[in-house]
């Protein structure tokens, strides 16, 4: 756990957020905000006929950790179901809380291991996954 909190990988991801434009007419849109640091992420979702993410748009106004998390979420969200997004959100929450030993079953999440000891940063890391899971569930209704 001696790795720096803001490392090259985190900063690279923060600069490479995919789907960084909002969707014109999303099936659902959810905004999440961290009361601790003020980070804010809005996720727009469109689902296909099978209930999987077909399109996503994001507005990310967050710290580097929140931006990096949004980048990882966005890079692998297309094709995922609402259930898969909810599972990723729940696994991330449990891992950050110390209730799960392994990082979530989502590519790249191990880069947040240095943040485990920094509870004040957890909310920002969760934002994109919380917003995406909620938007996908709402779009499915």
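Restricted to region 16-28, and to residues there that are out of contact with any helix residue (DSSP H, G or I) (no Cβ under 6 Å at 6 or more places or on another chain) and touching a residue at least 24 places away in the same chain (Cβ under 8 Å), the residue that is nearest to residue 45 (Cα to Cα) is 26. Tell me yes or no: at least one residue of region 109-119 is within 19 Å of residue 30 (Cα to Cα) and either in a loop (DSSP other than H, G, I, E, B) or out of contact with any helix residue (DSSP H, G or I) (no Cβ under 9 Å at 6 or more places or on another chain) (or both). No, the conditions are met nowhere in region 109-119.
Is it fair to say residue 115 is closer than 18 Å to residue 8 by Cα, crowded, with 22+ Cβ neighbours inside 10 Å, under 10 Å from the mean Cα position of the chain (by Cα) and in contact (Cβ under 8 Å) with a residue 40 or more places away in the chain?
Criteria not met by residue 115.
Within region 122-140, no residue that is at positive phi sits with its Cβ atom under 7 Å from a residue that is crowded, with 21+ Cβ neighbours inside 10 Å at 6+ positions apart or across chains. Inside region 131-141, residues that are at pLDDT 95 or above, touching a helix residue (DSSP H, G or I) at 6+ places or on another chain (Cβ under 6 Å) and surrounded by fewer than 22 Cβ atoms within 10 Å (Cβ to Cβ) make up a count of 1. Of the residues making up region 19-37, those that are under 19 Å from residue 71 (Cβ atoms) and surrounded by fewer than 17 Cβ atoms within 10 Å (Cβ to Cβ) are 20, 21, 22, 31, 37.
The values are calculated or read from the model by the stated rules, or taken from the named source; none is laboratory data. Keep in mind that this is a model prediction, so the values were computed, not measured. Virtual Cβ from ideal backbone geometry, glycine too; neighbours counted across all protein chains shown.
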